[in-house]
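> Submitted below is the structure of interest, expressed as structure tokens.
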Amino acid sequence: MPTGPLLTYRYLYLSRLAEGLDFATFQPIAVRARARNPAIGISGVLLFDGERFCQLLEGGAVEVRALAQLIQADRRHVELTVLHEAMEPAARLREDWKSGYCESEDLDRFEGPNGLRGPTALSAFAQIAARADLLQ
Ligand SMILES: Cc1cc2nc3c(=O)[nH]c(=O)nc-3n(C[C@H](O)[C@H](O)[C@H](O)COP(=O)(O)O)c2cc1C
């Protein structure tokens, strides 16, 4: 049977932990994501370096956009910068969902107006995620 074209909606962003919050903020977010994302067919990775988040969501356009809106409105982080957002004729980078910790130096390359954006940001993120300390 012929299958349809392979399409993946990708949303990759960088954000900063809100002032007054600490390291302990991460765990309940990771627990929430682990419970919900697979249930709505979203895969990807959420990384935390202690003060910044960097997250890739992959899945259907409707599901990813809806979750991205929820996340954008979450007051536990600020200064959300979208690094890459596109519907792509490609398989997902990851089939599963993970979260975990990375080094601060890892995320520096996405900072500021000269930071990586677009497909370059996506491939840099894939490399960081491959060596990050992923929990579940
Ligand atoms: C950095 C960050 C990443 C998040 N990632 C996810 C996620 O991948 N999946 C998810 O369901 N919620 C995630 N959240 C939580 C959502 O913003 C929101 O609080 C949650 O989905 C609310 O769901 P509920 O009201 O049904 O509990 C994240 C929050 C932050 C601050």
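> With +1 on the Cβ of every Lys and Arg and -1 on the Cβ of every Asp and Glu, and nothing else charged, how large is the dipole of region 2-136 about its Cα centre, in debye rounded to the nearest 20?
Values: 15 positive and 18 negative charges, 89 e Å.
With Lys and Arg at +1 and Asp and Glu at -1, about 420 debye.
> Find the Rg to Rh ratio for region 1-120, where Rh is the Kirkwood radius over alpha-carbon pairs and Rg uses the same atoms. Display every interim value, and only then the final one.
Details: Rg = 14.5 Å, Rh = 14.9 Å.
That ratio equals 0.97.
> Relative contact order of the chain: what whole-number percent is it, with Cα pairs under 8 angstrom and at least 6 residues apart?
Details: 229 pairs, mean separation 46.9, N = 136.
Over the chain, the number comes to 34 percent.
> Whenever you get a sec, compute what percent of the accessible area on region 8-134 sits on carbon and sulfur atoms (1.4 Å probe). Don't jump to the answer; show the numbers that get you there.
On the way: 3260 of 6360 Å².
Carbon-and-sulfur percentage of accessible area, whole number: 51.
> Let me ask another. Counting only other residues whose beta carbon sits under 14 Å from that of D74, what net charge do I get with K and R as +1, D and E as -1?
Result for the neighbourhood of D74: +4.
> Apply the Karplus parameterisation 6.51 cos²θ - 1.76 cosθ + 1.60, with θ equal to phi minus 60°, to every residue of region 88-105 and state each ³J(HN,Hα) to the nearest whole Hz, in sequence, with x for glycine and proline.
Couplings: 10, x, 8, 6, 5, 5, 9, 8, 10, 10, 9, 9, x, 10, 10, 7, 4, 4 Hz.
> Which value at 222 nm does the chain reach when only helices count, each DSSP H run of 4 or more adding -39,500 (n - 2.57), with the total divided by all residues and rounded to the nearest 500 deg cm²/dmol?
After summing the helix terms and dividing by the residues of the chain, the value is -9000 deg cm²/dmol.
> In addition: Got a sec? What order do E19, E51, E58 fall in by accessible area at 1.4 Å, biggest, i.e. largest, first?
So, going from the largest accessible area down, we get E19, E51, E58.
> Just add up the charged neighbours of L46: K/R +1, D/E -1, any other residue whose Cβ is under 13 Å from the Cβ of L46.
Values: positive: R32, R34, R36, R52, R76, R94, K98; negative: D49, E58, D74, D96, D133.
Neighbour charge sum, excluding L46 itself: +2.
> Please check: in the Gaussian network model of the chain (C-alpha springs, under 10 Å), which one of G118, G20, G59 has the largest mean-square fluctuation.
It is G20.
> Could I ask something else about it? Would you check the accessible area of D22, probe 1.4 Å, heavy atoms only, in square angstrom rounded to 10?
The accessible area comes out at roughly 90 Å².
The values are calculated or read from the model by the stated rules, or taken from the named source; none is laboratory data. All figures in this text were calculated on a predicted structure; none of them were measured in a lab. Heads up, the Cβs are rebuilt from the backbone with ideal geometry, glycines too, and the neighbour counts pull from every protein chain shown. The area values use the complete protein model at the heavy-atom level, side chains included, leaving out ligands, DNA and RNA. Shrake-Rupley method; radii C 1.70, N 1.55, O 1.52, S 1.80 Å.
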